[in-house]
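Asks: Pasting a structure here, questions to come.
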Amino acid sequence: MDRCFMTLHSTRSTSVRVTTAFIAVLTSFHVTLRADEPKERFEVSEEVKEVLVPLFSAISKADVSRATVRLSAETVMNGVVVETEESTYQIASRHPDAYTIYYKAPDQRRRLYCDGRNSVVALSTTAFLRLPGIADCQEITNEPPIDLGTYPEPVLSLSLAGVDPAFTFLSGMRSVRLIERTKFRGRTDSVRLRGVQDDGVTWDLWLTTDEQPQPLRLLVDLTPMLTATKQVAVPEGYGHSLRYDFLSWRISGEVDDRLFTFAEPESAIEYKSMESYARAQARKQGGYELLGQRAPGYDLTLLSGKKVSHRALDGKVVVLDFWSTWCGPCLEAMPTIESSWNRIGRQDVVVVAVNVGEFPAHVKGFSGELDWKLPIAVDPKGELAEIFKVQKIPLTILISADGIIEAAHVGFPGKEALAELFAEEFEILLSGGKIASSPD
């Protein structure tokens, strides 16, 4: 899935601020919607400049920064919120290349350190990864070297010292306009801006009206991008948005240099790559309670209405991938699951995508818009999900030919990491080996 915020690499010297580039973007800016369409000029109004110039200029001139930002990702179906996931960013920086970015999600903790000489990722309290070389604050904003959540660019561009937010907020735009002057949460004098990107994504940004403005909230609606790119089929009534609330924010004062230096914990494990760490974590299997046990008895109901008993699959490796149409990571993982299945020739492996909690007619219409070749089963009442103790999706379960649940993957670790995991696990299981139930 493409990032909703289009960014540009900065080639500036670290001793020169990007104010001139920023002013150029504000004063004269055009975008090309498609190669075969004429250029459309995007003009920034005076009232928008009046709001953005003080904030963007102050950030680009800042020597230090501190911020705490809460991210709420919401998935909506027909006006009802069906999933909400909250995470937090804690950020400190010193221009041009010292920073710490702490990303905390319900099932993930990652902290990126850079002291201007060394760059390290703390993957957990006992695992870390050294990055080759270092990147300055602008480069980190343009292209984070690790997964820092869904679309971290906007929060980084507003929270790292010396960064030019114009590259993030004004590149690839159709329009940016002032919506209203209001009381944020009924208390704080604020102004609200709305931007519409070329891909249809909209963002609303609330700022204080102080002499030195501060960001209060950024709301990003990703639904138009998902619809326009046609990378996934978006069902009617579906919506996905991100809300960033700036709980604290400053670009002045003191910042302790010790925040930027990684202190290696005793007995910590150093990994060579994110992929090697992902494989190690997959081996631990994070508490899936049926791991290593014999799979329970089950029947699959395919979209065609055909029933398939687990007994008919005896002697084959079986992969059950639990998913729903509103689950973004599920849809991202599906092409990797299918391509991994194709690579092994499908001879002794059965892969079934099990839709959870949705009407068969909806699933049939949804899947008909995609190019999936995987067999699809439906579980509208969640009975199969209950049998397999499914707590989160996507959940992909690998069952050996003798009926033991040997692997279970929750979430989507990324295309390359997931492909490597499947390649290794299929090789083990097809040769009669064990993973979770191995005596080792």
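The values are calculated or read from the model by the stated rules, or taken from the named source; none is laboratory data. No experiment lies behind these values; they were computed from the predicted model shown. Every residue, glycine among them, receives a Cβ derived from its backbone with ideal geometry; neighbour counts consider all protein chains shown. These area figures cover heavy atoms from the full protein model, side chains too; ligands, DNA and RNA do not enter into them. Shrake-Rupley method; radii C 1.70, N 1.55, O 1.52, S 1.80 Å.
Asks: Take the range 97-110 and flag every residue that is in contact (Cβ under 8 Å) with a residue 60 or more places away in the chain and closer than 29 Å to residue 133 by Cβ.
Replies: Within the range 97-110, 97, 98, 99, 100 meet the criteria.
Asks: Picking from 86, 40, 50, 46, which residue would you name as being modelled with pLDDT of 50 or more, among the acidic types (Asp, Glu) and over 24 Å from residue 197 (Cβ atoms)?
Replies: 86
Asks: Right, here's the next one. Do any strands (runs of 3 or more DSSP E) lying entirely in the range 102-193 carry at least 2 residues that are of a type in the set (Lys, Arg) and open to solvent by 40 Å² or more (accessible area, probe 1.4 Å), and which ones are they?
Replies: 108-115, 173-184
Asks: Is it the case, given these coordinates, that residue 241 is on the phi < 0 side of the Ramachandran plot, out of contact with any helix residue (DSSP H, G or I) (no Cβ under 6 Å at 6 or more places or on another chain), part of a strand (DSSP E or B) and at pLDDT below 95?
Replies: Yes.
Asks: For the range 351-386, enumerate the residues that are closer than 18 Å to residue 408 by Cβ, part of a strand (DSSP E or B) and either open to solvent by 60 Å² or more (accessible area, probe 1.4 Å) or in contact (Cβ under 8 Å) with a residue 60 or more places away in the chain (or both).
Replies: The answer is 377, 379.
Asks: Condition first: closer than 30 Å to residue 362 by Cα, in a loop (DSSP other than H, G, I, E, B), open to solvent by less than 50 Å² (accessible area, probe 1.4 Å) and at pLDDT below 95. Can you find one or more residues in the range 62-79 that meet it?
Replies: No, every residue in the range 62-79 fails to be closer than 30 Å to residue 362 by Cα, in a loop (DSSP other than H, G, I, E, B), open to solvent by less than 50 Å² (accessible area, probe 1.4 Å) and at pLDDT below 95.
Asks: Would it be correct to say that residue 83 is within 30 Å of residue 362 (Cα to Cα) and acidic (Asp, Glu)?
Replies: yes
Asks: When the residues of the range 336-350 are narrowed to those that are in contact (Cβ under 8 Å) with a residue 24 or more places away in the chain and of a type outside the set (S, T, N, Q), which ends up most open to solvent (accessible area, probe 1.4 Å)?
Replies: 343
Asks: Condition (residue is at pLDDT below 90 and not charged (D, E, K, R)) applied to the range 198-206: is it met by at least one residue?
Replies: The answer is yes, given that some residue of the range 198-206 is at pLDDT below 90 and not charged (D, E, K, R).
Asks: Going residue by residue through the range 322-330, is there one that turns out to be part of a strand (DSSP E or B), under 23 Å from the mean Cα position of the chain (by Cα), touching a residue at least 12 places away in the same chain (Cβ under 8 Å) and closer than 19 Å to residue 418 by Cα?
Replies: yes
Asks: Within the range 272-286, how many residues are charged (D, E, K, R), modelled with pLDDT of 65 or more and either open to solvent by less than 40 Å² (accessible area, probe 1.4 Å) or more than 22 Å from the chain's Cα centre (by Cα) (or both)?
Replies: Residues meeting the conditions: 1.
Residue-wise test of (1) at pLDDT below 95; (2) over 30 Å from residue 419 (Cβ atoms); (3) under 23 Å from the mean Cα position of the chain (by Cα).
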| residue | (1), (2), (3) |
| --- | --- |
| 196 | yes, yes, yes |
| 216 | no, yes, yes |
| 246 | no, yes, yes |
| 270 | yes, no, no |
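Asks: Restricting attention to the range 330-342, does a residue exist that is within 19 Å of residue 401 (Cα to Cα), of a type in the set (S, T, N, Q) and out of contact with any Pro (no Cβ under 8 Å at 6 or more places or on another chain)?
Replies: There is at least one residue in the range 330-342 that is within 19 Å of residue 401 (Cα to Cα), of a type in the set (S, T, N, Q) and out of contact with any Pro (no Cβ under 8 Å at 6 or more places or on another chain).
Asks: Taking the conditions exactly as written (part of a loop (DSSP other than H, G, I, E, B), at pLDDT below 90 and on the phi < 0 side of the Ramachandran plot), does residue 265 satisfy them or not?
Replies: So residue 265 fits the description; yes.
Asks: Which of the residues that make up the range 78-96 are touching a strand residue (DSSP E or B) at 6+ places or on another chain (Cβ under 6 Å), more than 18 Å from residue 107 (Cβ to Cβ) and without any contact (Cβ under 8 Å) to a residue 40 or more places away in the chain?
Replies: The answer is 81, and nothing else.
Conditions tested, residue by residue: (1) under 15 Å from residue 341 (Cα atoms); (2) in contact with a Gly (Cβ under 6 Å, 6 or more places away or on another chain); (3) among the charged types (D, E, K, R).
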position: 392; (1), (2), (3): no, no, yes
position: 395; (1), (2), (3): no, no, no
position: 412; (1), (2), (3): no, no, no
position: 422; (1), (2), (3): yes, no, no
position: 429; (1), (2), (3): yes, no, no
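Asks: Does any residue of the range 421-432 turn out to be outside any helix (DSSP H, G or I) and open to solvent by 20 Å² or more (accessible area, probe 1.4 Å)?
Replies: yes
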